[in-house]
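The values are calculated or read from the model by the stated rules, or taken from the named source; none is laboratory data. These numbers were taken from a predicted model, which means no experiment stands behind them. In this analysis, Cβ positions are derived from the backbone assuming ideal geometry, glycine residues included, and neighbour counts consider all displayed protein chains. What goes into the accessible areas is simple: the full protein's heavy atoms, side chains included, and nothing from ligands, DNA or RNA. Shrake-Rupley method; radii C 1.70, N 1.55, O 1.52, S 1.80 Å.
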Amino acid sequence: MSLSPPVTTPSHVTSALRELGYAVLDRAGLCEHVGTPAAALEALGPTWNELPPDAYLRDGGRYRSRRHSCFVIEGEAVSQVPHRAHWQPVEYNALHGGLERWFEPMTPAVLAQPVWPRLLGRLAAYFSELRGARPWFVEAHQFRIDTTDGIGRPTPEGAHRDGVDFVAVLLVGREGIKGGETRVFEANGPHGIRFTLTEPWSVLLLDDARVIHESTPIQPLAGQGHRDTLVLTFRANGFQGPSTP
């Protein structure tokens, strides 16, 4: 049985992040906060059908496809930066940390849509409310996890933090699957919560310093299924990268 997420209203997101370290908006709440009709977000969905395979999976799986691009947000201005590798330290990703991973960039079919910079900018506004106005360095990941191998792992690295300030996990859609439960735990405490995001364009927001998170594997209900997400990470002091001598 799937547990429903603890949805809050747009006006209570910052207080939830401050008190709990996480917050969930449903699709209506996200659309209200971003100031967009749901159709503008849903129009992005077909681009998840065109993601190239992730060639860096170290568990030997074939279940993940993705694209990746980077942006800087200053106030209301959202600027794409030259394409760069995705990199995490091993302290945050024991499976894929320490590896420069060059994924194919996101396409104009997403980035040219007027809703794209507005989505990023309005989510960043929440984080500026908490930490003060500043540039935010954002990595955007389009993910599809499928059941090609009979099972798909949204977080093959297990429960983790991302080494950033804030994370937004947006469910774009899920089809023909079971599983994919979200689990959020205090990084320095005993408490946790679990639930399943099922509504397209609902979003989980995380304070990465305070909580760790994971999603359980997915399995097909019949035939092949998949789970599509958009993961956005927000960092205050530049993008993560290998240390320079």
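Multiply the residue separation of A43 and E129 by 0.36 nm, subtract the distance between their alpha-carbon atoms, and state the gained length in nm to one decimal.
28.0 nm
Using a Förster radius of 22 Å, what is the FRET efficiency between T148 and R101 based on their Cβ-Cβ separation? Nearest 0.05, please. Let's see the in-between values first.
On the way: r = 20 Å, r/R0 = 0.91.
Efficiency, from the Cβ-Cβ distance: 0.65.
Just grab the label-to-label distance for A77 and E32, each label 7 Å out from Cα along the Cβ direction, in nm (one decimal).
About 3.2 nm separates the two model spin labels.
Kindly provide the helix-only [θ] at 222 nm of the chain, computed as the sum of -39,500 (n - 2.57) over DSSP H runs of four or more divided by all residues, to the nearest 500 deg cm²/dmol?
Details: 5 runs with 42 residues, N = 245.
My calculation for the chain gives -4500 deg cm²/dmol from helical runs alone.
Assign one of three labels to the range 12-236, namely rounded, prolate or oblate, based on the Cα gyration tensor with a ≥ b ≥ c the square roots of its eigenvalues; rounded applies when a/c is under 1.5, prolate when it is not and a/b is larger than b/c, and oblate otherwise.
The shape class here is rounded.
Could you bin all the Cα-Cα distances of the range 1-125 into 5 Å bins starting at 0 and give me the percent of pairs in each, rounded to whole numbers?
Spelled out bin by bin, the range 1-125 gives 2, 9, 13, 15, 18, 19, 17, 6, 0 percent.
Provide the solvent-accessible area of H160, counting protein heavy atoms only and rolling a 1.4 Å probe, rounded to the nearest 10 Å².
10
Roughly speaking, to the nearest percent, how much of the chain's 1.4 Å accessible area is carbon and sulfur?
On the way: 5460 of 10910 Å².
Reported share for carbon and sulfur atoms: 50 percent.
Taking 7 Å along the Cα-to-C-beta vector as the label spot, tell me the R183-L111 distance in nanometres, rounded to one decimal.
3.6
Choose one of P105, L171, L25: the residue whose Cα lies farthest towards the positive end of the charge dipole of the chain (beta-carbon charges +1 Lys, Arg; -1 Asp, Glu; about the Cα centre).
Final value for the positive-end residue is P105.
Suppose all protein chains stay in the model; what accessible area per residue would a 1.4 Å probe give for the range 12-236, in Å²? Write out the running numbers ahead of the final one.
On the way: 9390 Å² over 225 residues.
That works out to 42 Å² per residue.
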